[in-house]
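A.B. asks: Here you go, one structure.
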Amino acid sequence: MAMVAQHHSENSSGSISKHLDSGKYVRYTAEQVEALERVYTECPKPSSLRRQQLIRECPILSNIEPRQIKVWFQNRRCREKQRKESTRLQSVNRKLSAMNKLLMEENDRLQKQVSQLVGENGHMRQQLQSASVPTTDASSESAVTTPLHSLRDASNPAGLLSIAEETLAEFLSKATGTAVDWVQMPGMKPGPDSVGIFAISQRCGGVAARACGLVSLEPSKIAEILKDRPSWFRDCRNLEIFTMFPAGNGGTIELLYTQTYAPTTLAPARDFWTLRYTTTLENGSLVVCERSLSGTGAGPNAAATSQFVRAEMLPSGYLIRPCEGGGSIIHIVDHLSLQAWSVPEVLRPLYASSKVVAQKNTIAALRYIRQIAQETSGEVVYGLGRQPAVLRTFTQRLSRGFNDAINGFNDDGWSLLNCDGAEDVVVAINSTKNLTAGSSALSLLGGVLCAKASMLLQNVPPAVLVRFLREHRSEWADFNVDAFAAMSLKSSTCTYPGTRPARFTGTQIIMPLGQTIEHEEMLEVVRLEGHSLTHDDAFASRDVHLLQMCSGVDENAVGACSELVFAPIDEMFPDDAPLLPSGFRIIPLDPKSGDSQDVFTSHKTLDLTSSLEVGPATRHGAENAVSSYNARSVLTIAFQFPFESNLQDNVATMARQYVRSVISSVQRVATAISPSGLSPTMGPKVSPASPEALTLAHWISQSYSYYAGTELLRPDSMSGDSILKTLWHHQDAILCCSLKALPVFIFANQAGMDMLETTLVSLQDITLDKIFDDSGRKALFSEFAKIMEQGFAYLPAGICMSTMGRHVSYEQAVVWKVFAADESTVHCLAFSFVNWSFV
């Protein structure tokens, strides 16, 4: 055992290593160990030729056998792996210890809450038994429904300090106590891999959310990040510190005026006049707490505040405690009263929901500081060589520009253009706007025009709709309009669309730049390939590049909204490129009971008959759709266009017509992707409401068995509704096309739509000849007579084309006729592409 211990030891006199063959131990001198360390440091890879060269060039290693040197390097590598693993395990252990401490504190808080509820229950029972006149006990509400403080309390520093200390006490009672009745937020389960522990309020004044988690940053750094609210809170338009002075106990008191954006065009924005108190507790914890003050507290421009509704912030803030070994435990509380009475009834769930506050404020804050922590540690890698801070700035600029367009504040220079209140699309102009970013400044001769609208969607999953809009831009966008905006930003002159016509080739290439740690948001560059329609400049590039931000594409993730925001950008992608964002925002509303009849009468779904035509669904189909996804959402669209003064009216007309066209396309897409019948992401809905799809699946399977003599699907899946589900999830791409003069596809399973990179709404626009290359078409045409005569044929391996222009290889294609129920009428042709993959 002593020799084994020596085997791992190194000191100034050398080291000992065991010989590979003889089992004896070899002693190295200190000089030899130093030389070997130098070689290992420079060339850690064992198969490196450079390592062999360095060994040969080192005289002191010439008397050591090569196999002994190999053993030394093996031992060295093992020791390094052990050190790394030990460091990793120590880090994990510290994290688990901190999380265990956090969970124990949360458990203690829950026990206190249970005891309080038991006491309140007993008190209520005594009142009921005594049948006395009920009295109002507001003791449990005192911490959460605190009235606003009078300005006379804030007329001097002593009064402000008193308010600050009271705010601190009430905030701590919410963060670690039982002042608010917290319940776990739906969809957010705590665990070792979760971001943190999230809770929302019930039965309290206003709406509140709470989060606690572990972050590998020091408390002072976390406080610095979170106090800079515009950097992480996308809805924050402006935060101005009016007054700041020391509190006398090492802390600071600040009076803040904050403006936030409205998420839609249907309601005014909110602002806050608050006191923020930063201090350190006796146990070393850092606290940043905040609450509203009374009074107007108007910002620098009183006229600008008229566009805002004053909201109230009840005691909220951050409790940050240092952890042993580094990092911090943070508690976040957001408690607001957003004056929901001032918005249309359909939007009130956005302003009266604790879940929405948690998604937009609390979870966003914790995610952001965790993102910064990972970027600081070097765990995040982004594309195109960009630094994380640069890409984060791009996403913030896209979001801020889009919010500016939606809100159109007067103090930014926006004014409505000929709006009588009856227009479905609102057009606003900004003649003073310069697109400035760093050293780049683009001064437009006329200004910027924005066409925007909001609409209510019924029974459409926001994540599915945004994902479709991102992946199938040609379904709703006009390439010439994209090219117009891109060319205007390049040249600072606005040529009216159509004077330099181009054609979109259908190729959309998405190049990822980066994404957040939970993949809830992506930043990417989109290249749209275009060709000129004139011979004069046929060889000139007409490609359009867009910087695009996409979020909320995961149906199972917890998020405030789903967004697709994009802006034309130069192909060189400079860090200070001017941006003019446009896009879509879809915000889910809480499900409203009793909407079944409304959804049925106002919503159309995709009726999957044998021809897959878009038409009204049956009543049962609508009712099943409601049962599967009974929710509403509000869609906000905003598109910005640069213009010259002499072309303002032309650009305004074009913008209004274009946005109406986009709305029409989105409505058509939303109709098709609603979760009734087959959906490109949710699979088939097997029920009596979709007999046509089920019948078609039976016809496909039975016809294949008749011609091939084998079963297409497993025998145990041939009964009942399971045949449709099995066909939908079949590994081979199965497609059906009509038997017309120009055959078009009428059905595809999930693999088939993945192969074609399309959806059911676009499937009927794809003709059979478009997906094959020349050799594939020749093979099909040569076998076509055999197919019609014998009903079945095998096509050799080949290449076909997706709708996005990508090549797809397949080992074999099987073609057969699909008979209807009478077994005499040929309904369609079916194709099965075996072992397909993108080339």
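The values are calculated or read from the model by the stated rules, or taken from the named source; none is laboratory data. Computed from a predicted model, the values in this text were never measured in an experiment. Because the Cβ atoms are built from the backbone with ideal geometry, glycine has one as well, and the counts that use them run over all protein chains shown. Side chains are part of the model used for accessible areas, which takes the heavy atoms of the whole protein and leaves out ligands, DNA and RNA. Shrake-Rupley method; radii C 1.70, N 1.55, O 1.52, S 1.80 Å.
A.B. asks: Just to be sure I understand, how many residues within the range 32-64 are over 56 Å from the mean Cα position of the chain (by Cα), more than 21 Å from CYS78 (Cβ to Cβ) and at pLDDT 75 or above?
C.D. replies: Of the residues in that region, 1 qualify.
Residues checked against (1) of a type in the set (D, E, K, R); (2) surrounded by 20 or more Cβ atoms within 10 Å (Cβ to Cβ); (3) at pLDDT 50 or above:
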position	(1), (2), (3)
SER610	no, no, no
ALA617	no, yes, no
ALA622	no, yes, no
ALA638	no, yes, yes
GLU644	yes, no, yes
MET654	no, yes, yes
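A.B. asks: If you go through the range 322-338 one residue at a time, how many are open to solvent by 40 Å² or more (accessible area, probe 1.4 Å) and within 21 Å of VAL180 (Cα to Cα)?
C.D. replies: Adding up the residues that qualify gives 0.
A.B. asks: For the condition surrounded by 21 or more Cβ atoms within 10 Å (Cβ to Cβ), modelled with pLDDT of 85 or more and not basic (Lys, Arg), what is the one hit in ALA751, ALA733? Before the answer, list the steps.
C.D. replies: Numbers: ALA751 fails: surrounded by 21 or more Cβ atoms within 10 Å (Cβ to Cβ).
Answer to the check: ALA733.
A.B. asks: If you don't mind, there's one more thing I want to ask. Among strands (runs of 3 or more DSSP E) lying entirely in the range 176-291, which contain 2 or more residues that are surrounded by fewer than 19 Cβ atoms within 10 Å (Cβ to Cβ) and of a type in the set (Val, Ile, Thr)? Spell out the reasoning first.
C.D. replies: Working: elements: 182-184, 197-201, 207-215, 236-246, 252-260, 269-280.
Counting at least 2 such residues, we get 236-246, 269-280.
A.B. asks: Identify the residue in the range 429-439 that is among the small types (Gly, Ala, Ser) and within 29 Å of the chain's Cα centre (by Cα) and, among all such residues, is modelled with the lowest pLDDT. Walk me through it before giving the result.
C.D. replies: Residues of the range 429-439 that are among the small types (Gly, Ala, Ser), as a first pass: 431, 437-439.
When the remaining residues are screened for being within 29 Å of the chain's Cα centre (by Cα), the result is 437-438.
On the way: ALA437: 47, GLY438: 44.
Here the residue is GLY438.
A.B. asks: Across the range 81-96, what is the number of residues that are of a type in the set (Asp, Glu) and in contact (Cβ under 8 Å) with a residue 12 or more places away in the chain?
C.D. replies: Our first condition is that a residue be of a type in the set (Asp, Glu); within the range 81-96, this holds for 85.
In the following step, the residues that additionally are in contact (Cβ under 8 Å) with a residue 12 or more places away in the chain were identified as none.
Count: 0.
A.B. asks: Hey, any hits in the range 308-321 for a residue that's out of contact with any Lys or Arg (no Cβ under 6 Å at 6 or more places or on another chain), open to solvent by less than 20 Å² (accessible area, probe 1.4 Å), under 23 Å from GLN374 (Cβ atoms) and of a type in the set (Val, Ile, Thr)?
C.D. replies: yes
A.B. asks: Moving on to the next point. If we only count strands (runs of 3 or more DSSP E) wholly inside the range 708-826, which ones have 3 or more residues that are over 37 Å from the mean Cα position of the chain (by Cα)? Even if it seems obvious, please write down each step before you answer.
C.D. replies: Values: elements: 733-737, 745-748, 792-795, 798-801, 807-810, 812-819.
The strands (runs of 3 or more DSSP E) meeting that bar are 792-795, 812-819.
A.B. asks: Return the residue satisfying two criteria in turn: it lies in the range 829-839 and is in a strand (DSSP E or B), hydrophobic (A, V, I, L, M, F, W, C) and over 14 Å from TYR707 (Cβ atoms), and of such residues it is most open to solvent (accessible area, probe 1.4 Å). Step through it out loud before you land on a result.
C.D. replies: The initial filter retains those residues of the range 829-839 that are in a strand (DSSP E or B), namely 829-834, 837-838.
Narrowing further to those that are hydrophobic (A, V, I, L, M, F, W, C): 829-831, 833-834, 838.
Then drop every residue that is not over 14 Å from TYR707 (Cβ atoms), which leaves 833-834, 838.
Working: PHE833: 1, VAL834: 33, PHE838: 76 Å².
Selected residue: PHE838.
A.B. asks: Please specify each residue of the range 38-91 satisfying the condition of being open to solvent by 100 Å² or more (accessible area, probe 1.4 Å), touching a Leu at 6+ places or on another chain (Cβ under 9 Å) and within 20 Å of ARG27 (Cβ to Cβ).
C.D. replies: Matches in the range 38-91: ARG38, ARG67, LYS70.
A.B. asks: Could you list, in sequence order, all residues of the range 795-828 that are exposed (fewer than 13 other Cβ atoms within 10 Å of the Cβ), without any contact (Cβ under 8 Å) to a residue 40 or more places away in the chain and either among the aliphatic types (A, V, I, L, M) or within 14 Å of ARG777 (Cα to Cα) (or both)?
C.D. replies: PRO796 - this is the single residue of the range 795-828 that is exposed (fewer than 13 other Cβ atoms within 10 Å of the Cβ), without any contact (Cβ under 8 Å) to a residue 40 or more places away in the chain and either among the aliphatic types (A, V, I, L, M) or within 14 Å of ARG777 (Cα to Cα) (or both).
A.B. asks: Still on this structure, I have one more. Given the condition among the hydrophobic types (A, V, I, L, M, F, W, C), at pLDDT 70 or above and open to solvent by less than 90 Å² (accessible area, probe 1.4 Å), answer yes or no: does some residue in the range 110-120 qualify?
C.D. replies: Taking the range 110-120 and keeping what is among the hydrophobic types (A, V, I, L, M, F, W, C), we get 110, 114, 117-118.
From what's left, at pLDDT 70 or above: none.
Within the range 110-120, none of the residues are among the hydrophobic types (A, V, I, L, M, F, W, C), at pLDDT 70 or above and open to solvent by less than 90 Å² (accessible area, probe 1.4 Å).
A.B. asks: ALA358: in contact with a helix residue (DSSP H, G or I) (Cβ under 6 Å, 6 or more places away or on another chain), outside any strand (DSSP E or B) and open to solvent by less than 30 Å² (accessible area, probe 1.4 Å), yes or no?
C.D. replies: no
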